[in-house]
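Colleague: Structure below; questions to follow.
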């Protein structure tokens, strides 16, 4: 028996940091995917193959280790249900160094393959919940917003607690620029927490504003009022700067996008201090940044969420 599962990469549109404090967020899936193939074995071995390396172990002796920590943590969730092992082959259409939610995508795709192979019925929201649990096991924190995008596809309104996810009935052109480096999200969260350690009231006020941006943005996305959504993205960029997660380079990248005639709003996407900025609308094809490290990322929103099929 062979199973093939895949899940999309994702981008945060609105709600970064606020979503970690149970505020709403707006996230979207994009048209780059991670593919996982599961092939049953007759012995008790687990073999993982990918461009990042290989891993082999007996089913009963699995240990969660890099670079397959999310995959192995997902497997351990169902380890006791397997009597024999399997081969897992992972292929990605994008680099894990660019912040497109690769951890969530590979976690969701792996879990989808596992539950399908075990004939377990699972709702989309339960799959989000389980993927979020795996991500938190591995890295200690995580809202689950990128997992929701990977499960549902398209634009997704999301809240971590109480857990809520709604796929919105629209997508829109996007422009994405990568800054040339990425600071791990967990590190950025620590930096922000330390920055506001003695200013907790101010921090809560900023989080409230970010949550309100996401709430309004979801409303405008439902209405397909893209100009208003872009305006809200511009407002949240100011909140990101207040949190200290912008840099001179990211600021100039955002300003570059806002100058583009078809882009109605632009901001940092994700935790900041590097990584990506996004613009709502299409960028001119001949865009060049003065900093050679800055590169366009050729992705668009995609309505396709997780998929799994037996072959």
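No value in this document is a laboratory result; all are computed from the given coordinates. From a predicted model like this one, the values you see are computed outputs, not experimental measurements. Cβ atoms come from the backbone with ideal geometry, glycine included; neighbour counts cover every protein chain shown.
Colleague: Working from Cα positions, state the angle (0 to 90°, nearest 10) between the long axis of helix 185-195 and the longest principal axis of the chain.
Modeller: Around 40 degrees separate the two axes.
Colleague: Return 233, 122, 240 ranked ascending by Cβ neighbour count within 10 Å, so the fewest neighbours appear first. All intermediate terms of the calculation are to be shown ahead of the outcome.
Modeller: Numbers: 233 27, 122 15, 240 24.
With the sparsest Cβ surroundings first, the list reads 122, 240, 233.
Colleague: Okay, next question. Using the count of nearby Cβ atoms within 10 Å as a rough guide to exposure, how do 229, 127 rank from fewest to most? Working shown, then result.
Modeller: Working: 229 26, 127 23.
Ranked by crowding around the Cβ, least crowded first: 127, 229.
Colleague: Can you give the angle from 0 to 90° between the axis of helix 102-117 and the longest principal axis of the chain, with both taken from C-alpha atoms, to the nearest 10?
Modeller: Computed tilt is about 30 degrees.
Colleague: Taking R0 as 51 Å, what's the FRET efficiency between residue 91 and residue 205 from their Cβ-Cβ distance, rounded to 0.05? Walk me through the numbers on the way to the answer.
Modeller: Working: r = 44 Å, r/R0 = 0.87.
Efficiency for this residue pair is about 0.70.
Colleague: May I ask for the angle, rounded to the nearest 10°, between helix 124-139 and the longest principal axis of the chain, with both axes built from Cα atoms and the value confined to 0 to 90°?
Modeller: Once rounded, the angle reads 90 degrees.
Colleague: Separate question: With springs only between Cα atoms under 10 Å, which of 273, 52, 285 fluctuates most in a Gaussian network model of the chain?
Modeller: Highest fluctuation of the listed residues: 285.
Colleague: Please tell me the relative contact order of region 163-311 in percent, rounded to the nearest whole number, where contacts are Cα pairs under 8 Å and at least six residues apart.
Modeller: Relative contact order comes out at 38 percent.
Colleague: Between residue 44 and residue 121, what is the FRET efficiency for a Förster distance of 22 Å, r being their Cβ-Cβ separation, to the nearest 0.05? Provide the component values of the computation, followed by the final result.
Modeller: Values: r = 26 Å, r/R0 = 1.19.
Given R0 = 22 Å and the Cβ-Cβ separation, E is 0.25.
Colleague: Then there is this: For a footprinting-style exposure proxy, rank 128, 106, 134 by other Cβ within 10 Å, fewest first. All intermediate terms of the calculation are to be shown ahead of the outcome.
Modeller: On the way: 128 30, 106 24, 134 27.
Arranged by neighbour count, lowest to highest, 128, 106, 134 become 106, 134, 128.
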